[in-house]
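To keep things clear, I will list the structure first and then write my remarks on it.
Please treat every number below as a calculation from the coordinates, not as lab data. Note that the structure is a prediction, hence the values are computed from the model and not measured. Backbone-built Cβ (ideal geometry, glycine too); neighbour counts: all protein chains shown.
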Amino acid sequence: MSCVERLQITGGVRLTGSVRINGAKNAILPLLAGSLLSEKSVVLEGVPSLIDVKTMKEALESLGVRVNWRGDTMQIDPSGISSLEVPPTLARRMRASNLVMGPLLGRCGRFKVSYPGGCTIGSRPMDLHLKGFKAFGAVIEDNHGCIAAAAAGLQGADIHLDFPSVGATENIMMAATLAQGTTIIRNAAREPEIVELQNFLNKLGARIQGAGLDTIRIDGVKKLDQEISHRVIPDRIETGTFMVAAAITRGEVLINNVIPEHIEAVTAKLRETGVSIIEEDERVIVAVPSNWKAVDIRTMPFPGFPTDMQPQMMVFLSLAQGTSIITENIFENRFRHVGELRRMGAQIRLEGRSAVITGVPALTGTVVEATDLRAGAALVLGGLVAENTTSIEGVEHLDRGYENFESRLRMLGAQICREPI
Ligand code: EPZ
């Protein structure tokens, strides 16, 4: 039983030095699920040590897949799939466990997965995933406790997504690799993680083109039997989080292992506030000359401003000169961090899907609670610059998506430590 912990942060230190970005959580999870499509073993490198990765490993093992994880390298042997049902306890622990649906349907013609349920940021329906599976000819049983699907061979289809859902694009793309004939996904998600999944599946022997654009074509093949190794792309949201950490503390940080075009919308918005960002090949240098200006943000599907950076930018703008408006267009309930930031002295008013943030001179440390992964990250960023000490509970949320977050911030000078409650 892991003990309950909290982070203690004493604010006021300018972050300086360099940090290296880990492999992307939202890329490694679909790649792990996609490994189910292969008949040969797959080696993944650059795997971050995250709770969500551990959960996905357990989900694969529950299906009979052998997974050997040493350091940042994971070897997956999907040759012995012996079950087509992810245990409910695992499915409820992480929404992304639903990413095994497409591969199981493609490879084995059926699956049974519990509804992951809503989480704190929204109801997280799966109607678009199921729309794709039905288009392939699958019969779906959806009793809202769990979803089961069966198909006697998938037929390629022309599928239009009502919304460019990342997970639905990934699930449909994976199932289509082994369907008969051609599948077209229209209004597809364009996130870098979709391109990464295409590259990974094509290395396995799939025939996919168009990822990164709004229309993806998949020509089904009989099997995926290439034995491969693949290094996962760096985490663009972790990159953005460290960029804001440097900016909010008026520090100067060199961030290594970055793909600048993956984080362009955040870079552009930070520059709009007055932050100086120098982009080199695989690194960015962030520095803040003085105070920063208020700006407006609307979260959008890629290449728009990423919803996963909304909480982090909100805490940054709570100390800007002027009033900013952040409109959250992706999730219907992603303002749970507002109450906690108000407790630190932020002036934020909610109006439907928009948050109106009036800059204040300083935040004040207190006891706050992380309600989800990115909200937790935002509270850490606030604690780095708040007067006095900030105690952050709900640290398990942070560990889902940030590896050794506090020790890497300490390397940059932050006064932060983890302690049992
Ligand atoms: C992925 O979630 C990410 N997670 C999320 O990151 C990210 O916020 C999200 O994409 C948007 O970029 C992973 O990749 C593991 P969606 P996903 O399907 O795929 C609605 C983080 O902090 N929708 O693009 O679940 C949905 O309700 C996490 O790292 C439907 O209506 O997101 C939401 O409003 C949080 N029907 C919108 O689309 C569906 O069938 C975007 O969801 C599917 C989605």
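Give the shape of segment 25-231 as rounded, prolate or oblate, defined through the alpha-carbon gyration tensor: a ≥ b ≥ c are the square roots of its eigenvalues, a/c under 1.5 means rounded, and otherwise the shape is prolate if a/b is larger than b/c and oblate if not.
Taking the square roots of the gyration eigenvalues as a ≥ b ≥ c, segment 25-231 is rounded.
Specify the residue with the greatest mean-square fluctuation among Met173, Met101, Met411, computed from a Gaussian network of the chain linking alpha-carbon atoms under 10 Å apart.
Met411
For Ile81, what charge total do you get from the other residues with a beta carbon under 14 Å from its beta carbon, if Lys and Arg give +1 and Asp and Glu give -1?
Neighbour charge sum, excluding Ile81 itself: +2.
Please identify, among Thr182, Thr307, Thr89, the residue showing maximal mean-square fluctuation in a Gaussian network model of the chain using a 10 angstrom Cα cutoff.
With Cα springs under 10 Å in the chain, the top fluctuation among Thr182, Thr307, Thr89 is at Thr89.
Based on C-alpha coordinates, I'd like the Rg and Dmax of segment 197-310, in Å.
17.8, 59
Thr73 to Glu282: FRET efficiency via 1/(1 + (r/R0)^6), r the Cβ-Cβ distance, R0 22 Å, to the nearest 0.05?
Once rounded, the FRET efficiency stands at 0.60.
Where does the chain land at 222 nm, in deg cm²/dmol rounded to the nearest 500, when only DSSP H runs of n ≥ 4 count, each adding -39500 (n - 2.57), divided by all residues?
Calculated mean residue ellipticity at 222 nm is -9500 deg cm²/dmol.
Lys293: which aspartates and glutamates have alpha carbons under 13 Å from its alpha carbon, excluding same-chain residues fewer than 8 sequence positions away?
Glu272
Only Cα pairs within less than 10 Å get springs; with that Gaussian network setup on the chain, which residue of Ala245, Ala135, Ala27 has the largest fluctuation?
Ala135
First select every other residue whose beta carbon is under 12 angstrom from the beta carbon of Leu270; then total the charges, Lys and Arg +1, Asp and Glu -1.
0
Quick one: grab Rg to one decimal and Dmax as a whole number for the chain, Cα atoms only, in Å.
Calculated on Cα positions, Rg and Dmax stand at 21.4, 63 Å.
Would you mind giving the average projected area, over all directions, of the Cα convex hull of segment 269-421 in nm² with one decimal?
9.3
So between Ser83 and Ile325, what do we pick up on full extension, going 0.36 nm a residue minus the alpha carbon distance?
Contour length minus Cα-Cα distance gives 82.3 nm.
Which residues in segment 1-40 place their backbone N less than 13 Å from a point set 7 Å from the Cα of Met411 along the Cα-to-Cβ direction?
16-23
Which FRET efficiency value, to the nearest 0.05, is calculated for Cys146 and Arg66 with the Förster distance at 25 angstrom and r the Cβ-Cβ distance?
0.50
Mind giving me the nanometre distance, one decimal, between the label points for Asp158 and Thr364, set 7 Å out from Cα along Cα→Cβ?
6.3
Under a cut-off of 29 Å between alpha-carbon atoms, report the lysines in cross-link reach of Lys223, not counting same-chain residues fewer than 8 places apart.
Once the sequence-local lysines are set aside, what remains near Lys223 is Lys25, Lys40, Lys54, Lys57, Lys112, Lys131, Lys134, Lys203.
Under the rule a/c < 1.5 gives rounded, and otherwise a/b versus b/c splits prolate from oblate, where does segment 46-124 land using the Cα gyration tensor?
oblate
Relative contact order for segment 113-158: what is it in percent, counting Cα pairs under 8 Å that are at least 6 residues apart?
Here the relative contact order equals 37 percent.
Quote the relative contact order of the chain in percent (integer), defining contacts as alpha-carbon pairs under 8 Å separated by 6+ residues.
Relative contact order here is 21 percent.
Between Ser123 and Met300, take the C-beta separation as r, use R0 = 22 Å, and let me know the FRET efficiency to the nearest 0.05.
0.65
Would segment 285-366 count as rounded, prolate or oblate if I go by the C-alpha gyration tensor, calling it rounded below 1.5 in a/c and otherwise prolate when a/b exceeds b/c, oblate otherwise?
Cα axes put segment 285-366 in the oblate bin.
Using +1 on the beta carbon of Lys and Arg, -1 on that of Asp and Glu, and nothing else charged, what's the dipole of the chain about the Cα centre, debye to 20?
Its charge dipole is roughly 260 debye.
Please compute the net charge surrounding Leu197, taking Lys and Arg as +1 and Asp and Glu as -1 over other residues with Cβ under 13 Å from its Cβ.
-2
Defining a contact as two alpha carbons under 8 Å apart and six or more residues distant in sequence, what relative contact order in percent does segment 25-231 show?
21
Using Cβ counts within 10 Å as a stand-in for footprinting exposure, how do His262, His160 rank, fewest first?
Listed from fewest to most nearby Cβ atoms, that is His160, His262.
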